[in-house]
Amino acid sequence: MIDFKTLADRYDTPLYVYDFDHITERYRELKGAFSGKKSLISYAVKANSNLSLLTHLAELGSGADCVSIAEVRRALMSGIPKYKIIFSGVGKRDDEIEEALREDILLLNLESEAEMERVEKIAKELGLQARISIRVNPNIDPKTHPYISTGLHENKFGVDIETAKRMYIKANNSKSLYPVGIHFHMGPQLTELDPIREASQIVADLVRSLKAIKIDIRFFDVGGGLGIVYDDEKTIAPYDYAQAIFSTLHGLDVTLICEPGRFMVGNSGYFLTRVLYEKVNEGRRFVIVDGAMNDLLRPSLYNAFHKVEVLGKSEDVSEADLVGPVCESGDFFAKRRALPATEPGDLVVVYSAGAYGFVMASNYNSRPRPAEVAVTEGKERCIRVRESFEDLVRLEKMCL
Ligand SMILES: *Cc1c(COP(=O)(O)O)cnc(C)c1O
């Protein structure tokens, strides 16, 4: 049990707290599920890129899936070996490509023919061979939320099977490119196994047809998207997930790569905020807290559900909105939730805030971003200090 009250007293609020032991459990659970084959867990750094968190994952043996060169730098800085680092993303700048090639990371994941031409040109100029994988779009409906699904042709990610095949043949004929991997990603919060199995089957078929023309794909990257429980969602057990993928790989000797973000860190994180006061507007009750949408954006951005709890209070429960002080009506953490009567200073815990929480925080309304604390085996340590006013204005003062 994490002592939220002590942490809030010591580090003030709003505050992010991460249970690193939970991250360890998640890592081992997933790694264990893939144990029937060679595998690499490449944590999706975009979910939470804190250096201490990455160091913790590095010590467990994790790799990193990065979507900017700064994420690659964070991974390297945290001790994740270069041969476990992947650079993905639908748009990469020339300088990012160049740095990734010079750093000699495991592979660059490509999402278009135009991008492949850029990578080929840059690799040639550097006199290097670029290890690449291609993100294919198997065009399977993942059956998740329509705004967040990424597996259908109507979105910007990846290339279709025919284009991918053409790209592999071209890459195989280039001295500057070395096609070693294939990748697909179904999108977040996957809840169904059938679409994953179907997509994996389509991609595995492509790998077999490439093998028939002597293009040997060694890394089979199934992306991320394993879901977590925020409320009462159905989730997929890692073991079943791995078995569904294994069932499509007969005749192939590949290393599986999995890129979990949310699964690894989502449930390990808590956002702590204190009640400022309550108000009632035309019969609607609002509990106003010192945290806001700039600190934790998911409710405002996706209308995402997070469980909330007022610590130590259970009396006089009635419906209320839990809102922040930012000047936007979209600034809320919970709407029409049964909440107890509160007093100023009461501590509120917002659950499952470890993924896409701090990384999406901004300084909107000139609010310094919160501190972050990690708890390991009952001991806590600060892993990012609270921003100060000086931090907010430093870069502007340099131009005055
Ligand atoms: C965002 C992303 C991930 C991680 O997604 P989660 O839903 O957090 O697991 C993995 N791979 C790619 C390509 C992504 O874009």
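The values are calculated or read from the model by the stated rules, or taken from the named source; none is laboratory data. All values reported here derive from a predicted model rather than from experimental measurement. Because the Cβ atoms are built from the backbone with ideal geometry, glycine has one as well, and the counts that use them run over all protein chains shown.
For the reader, a short list of remarks on this structure follows.
- In the range 30-74, the residue that is nearest to the ligand (Cβ to nearest atom) out of those that are part of a strand (DSSP E or B) and surrounded by fewer than 23 Cβ atoms within 10 Å (Cβ to Cβ) is L40.
- Among the residues of the range 164-196, those identified as outside any loop (DSSP other than H, G, I, E, B), modelled with pLDDT of 95 or more and away from the ligand (no atom under 16 Å from the Cβ) are K165, R166, M167, Y168, I169, K170, A171, N172, L177, Y178, P179, V180.
- The selection criterion, being away from the ligand (no atom under 16 Å from the Cβ) and loosely packed, with under 15 Cβ neighbours inside 10 Å, does not hold for Y302.
- Filter result (in contact with a strand residue (DSSP E or B) (Cβ under 6 Å, 6 or more places away or on another chain) and either surrounded by fewer than 17 Cβ atoms within 10 Å (Cβ to Cβ) or of a type in the set (G, A, S) (or both)) within the range 181-213: G181
- Close pairs (6 angstrom Cβ cut-off, 6 or more residues apart or separate chains): closer than 18 Å to K165 by Cβ in the range 114-136, small (G, A, S) and at pLDDT below 95 anywhere: R135/G158; V136/G158
- Selection of the range 345-391 for residues being crowded, with 19+ Cβ neighbours inside 10 Å and within 16 Å of the ligand (Cβ to nearest atom) yields S352, A353, G354, A355, Y356, G357, F358.
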